[in-house]
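Student: What follows is a single structure, and I will ask about it in a moment.
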Amino acid sequence: MVWQIRESGCHRGDSVRTDFWKRFWKNKIAVVGSCVVAVLFIISILAPWIAPYDPNEINLARVLAAPSASHLCGTDQLGRDVLSRMIWGARISLKVGFVATGIAILIGALLGAVAGYYGKWIDAVIMRFVDIMLCFPTFFLILAVIALLEPSIWNIMIIIGLTGWMGVTRLVRADFTSLKERDFVRAARAIGAGDLRIIFIHLLPNAMASVLVAATLGVAGAILTESALSFLGIGVQPPTPSWGNILTAGKDNIDIAWWLSLYPGLAILITVLGYNLLGEGIRDSLDPRLR
Amino acid sequence: MFMVPLLFGITIVCFVVMHLAPGSPTDLETQMNPRASAEYRERLNAMYDLDKPLYEQYLIWVGKLAVLDLGKSFSPDRRPVAQKILERLPITILINVLSMILILVLAIPIGVLSAVHQDSLFDKVAGVFVFIGFAIPTFWLALLLMILFGIDLDWLPISGIRSLNYEYLPPWMAFLDLIKHLILPVMLSAFGGLAGLSRYMRSNMLEVIRQDYIMTARAKGLSERAVIYKHALRNALLPVITILGLSVPGLIGGSVIFETIFAIPGMGQLFYMSVMARDYPVVMGILFIGAVLTLLGNLIADVSYGLADPRIRVS
């Protein structure tokens, strides 16, 4: 009996979860990724206390000073401490990453669930819409919307979210179409569970695995997109520090201040790498056969 | 033929995006200009058909699209949008095609070698490279390479597509000049796709090598070389066609960043400048063209997949 329950996938017993954590902590990639992400969280939370200077304190006596003991990552064109701006920038990118991905997952999971569960014309309509949205180069779509709205951090998060849900829809739909034929769904229906109950209580938790991986990788993607937008001057607006807009200053002073270009990019690279590794790690631990 | 509904959908999305904006696109122009009277504003609205109901505006817009009339730019030159885009399209397509070739030429051997020598040092190095390739912000890499090759070493130009003295150069020097200007942008726009495709190629190849027909080929006594390069490679290459088609939107989207960084007068730069200037007809036109190019990329991929693998055509 026990193996039947496990196979049907309706019962996520303790053993399944323990297996996951066991594999997760044995997986080097996953451990490195989660450490990077954890450190970033700590930095963001502690930003006011660990930043050596006020990130917006202008000091015209120390404009574009090279890295030194007092300013570890140098200063920018207004004499602001780059390290402090980067520490505060970690907050911004974390915020953008999570809110944007949250929006994308919400829309994607909902549409995917509806398409996969109801099938027929609803499925056809939703999936054609996904196809259409995928035709647009995402970056074009984001820029076009930004041209219409004011570039602010909230708008950026919403737009990145609104243009990034299509992959999740496909994943969730695929899971739902196969899951809904399983016995445990029939059983639930037989005892009188409604559509909503089946979707949210029985099916969605079983589709969460692939969504979780997509979400982790999505955070990385959103952080990359935000930094590119801020770099182009249409993302997070100065004086709010973001890794992308420090790089803009780096480009403007490319021939005299290499530190403005080097360090913020390194921060983006490490962050995105961290989330990607974490995502890979979760994927491997969820299903070791997928490797 | 499946393209027609998609094309229709694309026009609707473009239109909706453009009309989601709070206020009217002419607000900007009239607000910026203190002499703009209510009358001028109405005339402007009429000029862009903004005084008509939405569905009528959509029909007019689509009707014009059918004959490639994308309207006139809001910028002071008031030139037709289609003309503005067309004169900038060739350089963007050139860079994208070149980087696609570069991706193919590098990613396939890397993927194949990683798969054939799985877990070797080469495979591990390639794996690390792929992970970094996925995570690196390419505009940052662009900055670093500009500092290295453009400023410290002074080997390559970092802006534009031709030197100031371009007109005075003999043809072959001019050609060389163009090449030098294109090296960095092409390399960089290939970078992201390179990581993805080589990873994809590797897993494809690993899968193919485990198939029965490869075992048969080995059992026949064929040399390892023939097995890998004749039997396995051909089959592993097939899905790459689709991936290339799917990578078109990414490449085109990336052109905004590269063309802006390297000051290349292509469609991406025009798009960026139009976004900054809120030149809606141009933004809308490029959004549409970008989607159509993606659709074309997918179509070409589908057709060539059919040509390469007759099994696909049946289903």
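Student: If you line up the Cα atoms of chain B on their principal axes, what length do they span on each, largest first, in Å?
Tutor: Computed over chain B, the largest-to-smallest principal extents equal 86, 55, 37 Å.
Student: Compute the convex hull volume of the Cα atoms of segment A:110-198, divide it by the residue count, and report the result per residue in Å³ as a whole number.
Tutor: In segment A:110-198, the Cα hull volume divided by residue count equals 107 Å³.
Student: What are the lysines whose alpha-carbon lies under 18 Å from the alpha-carbon of A:K28, with same-chain residues fewer than 8 places away excluded?
Tutor: Excluding near neighbours in sequence, the set is B:K124.
Student: Turning to a different aspect of this structure: Run the Debye formula on the Cα coordinates of segment B:255-315, all scatterers equal and no solvent, and tell me log10 I(q)/I(0) at q = 0.14, 0.23 1/Å.
Tutor: Values returned for q = 0.14, 0.23 Å⁻¹ are -0.54, -0.87.
Student: Give me the dipole magnitude in Debye, nearest 20, for chain A about the Cα centre, with unit charges on the beta carbon: positive for Lys and Arg, negative for Asp and Glu.
Tutor: 960
Student: Charges on Cβ only, +1 for Lys and Arg, -1 for Asp and Glu, centred on the Cα centroid of chain B; of B:P90, B:A291, B:A107, which one is farthest towards the dipole's positive end?
Tutor: B:A107
Student: Further, regarding this structure: Count, for each residue of A:253-266, the Cβ atoms from other chains sitting within 10 Å of its Cβ, then give me the mean as a whole number.
Tutor: The shielding value for this peptide is 3.
Student: Over segment B:220-315, what relative contact order in percent results from Cα pairs under 8 Å that are six or more residues apart?
Tutor: 32
Student: Which one of A:M208, A:P241, A:L266 has its Cα pushed farthest toward the positive end of the charge dipole of segment A:167-291, where Lys and Arg give +1 and Asp and Glu give -1 at the Cβ?
Tutor: A:M208
Student: So, one more: Taking neighbour Cβ counts within 10 Å as the exposure measure, how do B:I209, A:I122 sort from fewest upward?
Tutor: By the 10 Å Cβ count, ascending, the order reads A:I122, B:I209.
Student: Compute for the protein assembly as shown: radius of gyration divided by Kirkwood radius, i.e. Rg/Rh, restricted to C-alpha atoms, rounded to two decimals.
Tutor: On the Cα set of the protein assembly as shown, Rg over Rh gives 0.98.
Student: Next question, about the same structure. Work from the charge dipole of segment A:53-102 (Cβ charges, +1 for Lys and Arg, -1 for Asp and Glu, about the Cα centre) and give the residue of A:G102, A:H71, A:G89 farthest towards its positive end.
Tutor: Going by the Cα projections, it comes out as A:G102.
Student: Give me a comma-separated list of calculated 3J(HN,Hα) values for segment A:258-271, in order, Karplus coefficients 6.51, -1.76, 1.60 applied at θ = phi - 60°, integers in Hz, x for any Gly or Pro.
Tutor: 5, 5, 5, 8, 6, 5, x, x, 4, 4, 4, 4, 5, 4
Student: Pop out the ³J(HN,Hα) list for segment A:219-229 in order, Karplus 6.51 cos²θ - 1.76 cosθ + 1.60 with θ = phi - 60°, rounded to Hz; leave Gly and Pro as x.
Tutor: 4, 4, x, 5, 5, 4, 5, 4, 5, 5, 5
Student: What whole-number value in cubic angstrom gives the convex hull volume per residue for the C-alpha atoms of segment A:73-225?
Tutor: 126
Student: Something else: Where the only charges are on Cβ atoms (+1 Lys, Arg; -1 Asp, Glu), what is the dipole of segment B:191-315 about its Cα centre, to the nearest 20 debye?
Tutor: With only Lys, Arg, Asp and Glu charged at Cβ, the dipole is about 600 debye.
Student: Diagonalise the Cα gyration tensor of chain A and give the resulting equivalent ellipsoid semi-axes, square root of 5 times each eigenvalue, largest first, whole Å.
Tutor: 43, 23, 13
Student: Same structure, new question: Please compute the contact order of chain A in relative form: average sequence separation of alpha-carbon pairs under 8 Å and at least six residues apart, divided by the residue count, as a percent.
Tutor: 26
Student: If you take the alpha carbon radius of gyration of segment A:53-93 and divide it by 2.2 N^0.38 Å, what ratio comes out, to two decimals?
Tutor: Cα Rg divided by the expected 2.2 N^0.38 Å: 1.06.
Student: Relative to the Cα centre, what is the charge dipole magnitude of the protein assembly as shown, using +1 at the beta carbon of each Lys and Arg, -1 at the beta carbon of each Asp and Glu, and rounding to the nearest 20 debye?
Tutor: 1740
Student: Another question, if that's okay. Take every Cα pair under 8 Å in segment A:152-291 that's 6+ residues apart, average their separations, divide by the length, and report that relative contact order as a whole percent.
Tutor: Taking the mean separation of contacting Cα pairs over the length of segment A:152-291, I get 23 percent.
Student: Let me ask something else. At 222 nm, what value in deg cm²/dmol follows for chain A if DSSP H runs of at least 4 each add -39500 (n - 2.57) and the sum is divided by all its residues, to the nearest 500?
Tutor: Helices in chain A give a 222 nm mean residue ellipticity of -24000 deg cm²/dmol.
Student: OK, next. Order of A:H71, B:H117 from fewest to most other C-beta atoms within 10 Å?
Tutor: B:H117, A:H71
Student: Next question, about the same structure. Between B:K72 and residues 5 or more places away or on another chain, which pairs have amide H atoms under 5 Å apart, with H built 1.01 Å from N, and which residues are they?
Tutor: For B:K72, whose amide H was placed from the backbone, the distant partners under 5 Å are B:V81.
Student: Quick query: amide H of B:I264 versus all other amide H atoms, modeled in the peptide plane; which residues come in under 5 Å with a sequence gap of 5 or more or a different chain?
Tutor: B:G160
Student: Quick one, can you get me the convex hull of the C-alpha atoms of segment B:47-165 expressed as volume per residue in Å³?
Tutor: Once divided by residue count, the hull of segment B:47-165 is 230 Å³.
Student: On the first, second and third principal axes, largest extent first, how far apart are the outermost C-alpha atoms of segment B:131-237 in Å?
Tutor: Over segment B:131-237, Cα extents along the principal axes are 63, 35, 19 Å.
Student: One quarter of the convex hull surface, Cα atoms only: what value does that give for segment A:182-291 in nm²?
Tutor: If I average the Cα hull's projected area over directions, I get 10.2 nm².
Student: Taking the beta-carbon count within 10 Å as an exposure proxy, list A:T240, A:T75 from fewest neighbours to most.
Tutor: A:T240, A:T75
Student: Next question, about the same structure. GNM on chain B, C-alpha springs below 10 Å: top fluctuator among B:A263, B:A115, B:A226?
Tutor: B:A226
Student: Before rounding to the nearest 500, sum -39500 (n - 2.57) across all DSSP H runs of length at least 4 in chain B and divide by the residue total; then give [θ] at 222 nm in deg cm²/dmol.
Tutor: -24000 deg cm²/dmol
Rule-based calculations on the coordinates, nothing more; no lab input. Just so you know, these numbers come straight off a predicted model, no measurement behind them. When we count neighbours, we look across all protein chains shown, and the Cβ atoms used for this are built from the backbone with ideal geometry, even at glycine.
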